[in-house]
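The structure appears below as structure tokens.
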């Protein structure tokens, strides 16, 4: 057990908890690896049965295709996050470099125009100063617009990342709900069998046990338990089951 990696243990747990019996048996018989079985176990039960019904070569091809699809999805998510980082860095660098250089050039030209006006004191020089000032303001406005555009782009990227996380969370919750429903149905089947046997025991009583303390006490306990179970099953939300049982 010490030589088994954590990843292998997690895969085996997935197969045990989510895999159909035919899949678990195939792993036990050595017909399919735990790694491949964990990929199949993440599918719906009908899909698992469909894959297990294939011939060995077709089954391997189907599992390889699913592995490639999972790897592709992981690569897409990784690439998306990396692109987001690169876009932010590029936008910041472009805005900080391009507009800073242009503003510096415009300020340099403005200083030259002011010196010319001071030296020549002509209307033409004053007009040049006004033009350079207007150029500087226009560039500053463009820089501000670019900054706002970059902020909006960052917001879109953050929203996209949030939607990706919501999608992953949704897929996890769907999978959990399917397995929870499966175990709930199995448990209710066992409960129905137990209640059927208990009912037969009650119907088959031939003697008066009203004065038998142990029988009466046990009957009251089971009656209370059945009332709570009935209330739990009638609850609209599964999340209310604990409140009902705890009374």
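Looking at the range 140-153, which of its residues are touching a helix residue (DSSP H, G or I) at 6+ places or on another chain (Cβ under 6 Å) and under 15 Å from residue 83 (Cα atoms)?
The one that is touching a helix residue (DSSP H, G or I) at 6+ places or on another chain (Cβ under 6 Å) and under 15 Å from residue 83 (Cα atoms): 150.
For the list (1) without any contact (Cβ under 8 Å) to a residue 60 or more places away in the chain; (2) surrounded by 11 or more Cβ atoms within 10 Å (Cβ to Cβ), I need the number of the one condition that residue 101 fails.
(2)
Since every read-out is calculated from the coordinates, none of them should be taken as a lab result. Model, not experiment: these values are computed from the prediction. Reconstructed Cβ throughout: ideal geometry from the backbone, glycine too, with neighbour counts over all protein chains shown.
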